[in-house]
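To start, the structure itself, in C-alpha cells.
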Amino acid sequence: MPQHVQGVIAPGRNEPVRVETIVIPDPGPGEAVVKIQACGVCHTDLHYKQGAINDEFPFLLGHEAAGIVESVGEGVTDVTPGDFVILNWRAVCGTCRACLRGRPWYCFDTHNAKQRMTLLDGTELSPALGIGAFAEKTLVASGQCTKVDPAVAPEVAGLLGCGVMAGIGAALNTGNVGRGDTVAVIGCGGVGDAAIVGARLAGAAKIIAVDIDDRKLETARTMGATHTVDSRSTDPVEAIRELTGGFGADVVIEAVGRPETYAQAFYARDLAGTVVLVGVPTPEMKLELPLLDVFGRGGALKSSWYGDCLPSRDFPLLVDLHQQGRIDLAAFVTETIGLDDVEKAFARMHEGDVLRSVVVL
C-alpha cells in the first residue's frame, strides 16, 4: 500500500524549496523502500534547485544518505528489510561492456527505481541522482543500497554516498596517489578536503591545499594538508612549484570545476604528472589549452566521476577505516538540521560557512 511521507522538493528553477507530502509506492521488482535516517546537503542538490542539471522539475532533493531498508520488491536478494545501508547513485548493471571488462566503476547502464514517487495530486517527481532522500522514506533500485556496519552513525555514513567518496576516490582511485607523492588540491570545500584525506591515507609526503578562503585553508590543515596557498594573493601555480622543488606536484586534484582553476591544475603538475578533475562544471563552460602543451607535458588528464568508486567495495572499507580511527568522517559534519532547514543550509553553503549540513530524521 502506498505511503505518505514528508519530503523536500524544488518546485521550479531557483524557487525556494519546500516540504511537501510525498507518495511512496510499494517496491516493485528490483526495488527497495528505505527509511532515511540522515542525508547530507550536497552542492549537487543546489545545482538541481538552480536548474543547472536539467529542467525536469519538480525535483525530490537529497541523495547523500543512509538509512534502514524497510521493504523490498520481487527478486531482490542483495538486501533485506532491516539492513543498514548507504545509498549510492551508481547501481552497476553487471552486464555492460565496462562491467564485463572488470571495470564496473565505469558502468554504462546504471539503474534507478522504475516507479516514480509523486505528490498527492499525482505530479511525478524527479529524484535527485535517482535517490531523493530529503524525505522520511524513498524508493530506489535495490542495487543502490550498499550494506555497511550498522554501528556507524547515519549522519557520518551517509556522506560516503556522494561528496566524501568523490574526494577520497579522486585521490585513491583516479589519481592513484602513492607513498611519497606530492599532491595539490585546488578548492577546499567538502570534496577537496576529502581528497586531502585520501591523499594522506595513501601516504603522500606533501599535500598542498589551495583556496581563496582562509577558513577553508585552516580546515584543510586539520584534514591533513601540510601546506596552504591563498590564491587571492598568490599565484597558485608558482606557489605549488616552489613547494615542490620547482617541478610541480605529482598529482593535482581540481575540486572547483572551473576553466580557470583547471588551467592552474594543468600547469601546476610535474611533467608526466596527473590532473584529476572532480569539481563539477556547468554545461556552458569551455576549456582552452595550447595543444602543444598538452602534448609536450605528457602525463594524464583524468576526470573523476563519483571518485571512480565501486560502492560495494569502497563504502564498507571506508566505514571500517573510520571506525578504526584512521580517517575522521565525523569531521565533515558541520551541523545537523531538520527537513525545514534545507533552504537555510543552501544559503550557508553558498556563503562557505559549512563543510556539510546533514538532515537528520
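The values are calculated or read from the model by the stated rules, or taken from the named source; none is laboratory data. No experiment lies behind these values; they were computed from the predicted model shown. Cβ coordinates were reconstructed from backbone atoms using ideal geometry, including for glycine residues, and neighbour counts include every protein chain displayed. Just the protein is used for accessible areas: all its heavy atoms, side chains included, with ligands, DNA and RNA removed. Shrake-Rupley method; radii C 1.70, N 1.55, O 1.52, S 1.80 Å.
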First in the range 284-305 and part of a helix (DSSP H, G or I), second anywhere and of a type in the set (A, V, I, L, M, F, W, C), Cβ under 6 Å, 6 or more apart: R297/L271
Within the group A205, A220, which residue is open to solvent by 50 Å² or more (accessible area, probe 1.4 Å) and touching an Asp or Glu at 6+ places or on another chain (Cβ under 7 Å)? A205
Which of (1) under 23 Å from the mean Cα position of the chain (by Cα); (2) not in a strand (DSSP E or B); (3) not charged (D, E, K, R) is the odd one out, the single condition I9 does not satisfy? (2)
Of the conditions (1) assigned to a loop (DSSP other than H, G, I, E, B); (2) of a type outside the set (V, I, T); (3) open to solvent by less than 10 Å² (accessible area, probe 1.4 Å), the single one that R179 does not satisfy is (3)
Restrict the check to the range 256-278 and report whether at least one residue is assigned to a helix (DSSP H, G or I) and more than 19 Å from G175 (Cα to Cα). yes
Residue satisfying condition, being in contact with a Leu (Cβ under 6 Å, 6 or more places away or on another chain) and modelled with pLDDT of 95 or more, within set L287, L318: L318
Which is in contact (Cβ under 8 Å) with a residue 24 or more places away in the chain, part of a strand (DSSP E or B) and not aliphatic (A, V, I, L, M), of G67, G132, G75? G67
Could you list, in sequence order, all residues of the range 344-354 that are assigned to a helix (DSSP H, G or I), in contact (Cβ under 8 Å) with a residue 12 or more places away in the chain and surrounded by fewer than 14 Cβ atoms within 10 Å (Cβ to Cβ)? H350
In the range 40-90, how many residues are surrounded by fewer than 24 Cβ atoms within 10 Å (Cβ to Cβ), under 22 Å from G307 (Cα atoms) and small (G, A, S)? 1
Selection from the range 119-129 of residues surrounded by 17 or more Cβ atoms within 10 Å (Cβ to Cβ) and part of a strand (DSSP E or B) yields L119, S126, P127
Pair list, Cβ < 7 Å and 6+ apart or interchain, from the range 136-152 residues that are under 19 Å from V92 (Cα atoms) and aliphatic (A, V, I, L, M) to residues that are open to solvent by 60 Å² or more (accessible area, probe 1.4 Å) and assigned to a strand (DSSP E or B): A141/H111
Residues being under 19 Å from Q144 (Cβ atoms) and at pLDDT 95 or above: count how many of those fall in the range 50-67. 10
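So that you can scan it fast, the table gives a plain yes or no per residue for (1) aliphatic (A, V, I, L, M); (2) surrounded by 15 or more Cβ atoms within 10 Å (Cβ to Cβ):
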position: A249; (1), (2): yes, yes
position: V256; (1), (2): yes, yes
position: M285; (1), (2): yes, no
position: G296; (1), (2): no, no
position: L310; (1), (2): yes, yes
position: Q324; (1), (2): no, no
position: A330; (1), (2): yes, no
position: G338; (1), (2): no, no
position: R356; (1), (2): no, yes
Which condition breaks for V19 when tested against (1) crowded, with 18+ Cβ neighbours inside 10 Å; (2) among the aliphatic types (A, V, I, L, M); (3) closer than 22 Å to E124 by Cα? (1)
Would you please list the contacts, defined by Cβ atoms under 9 Å and residues six or more apart or on different chains, that run from a residue in the range 23-52 that is assigned to a strand (DSSP E or B) to a residue that is at pLDDT 95 or above and of a type in the set (F, W, Y)? I36/F134; Q37/F84; C39/F134; G40/F332
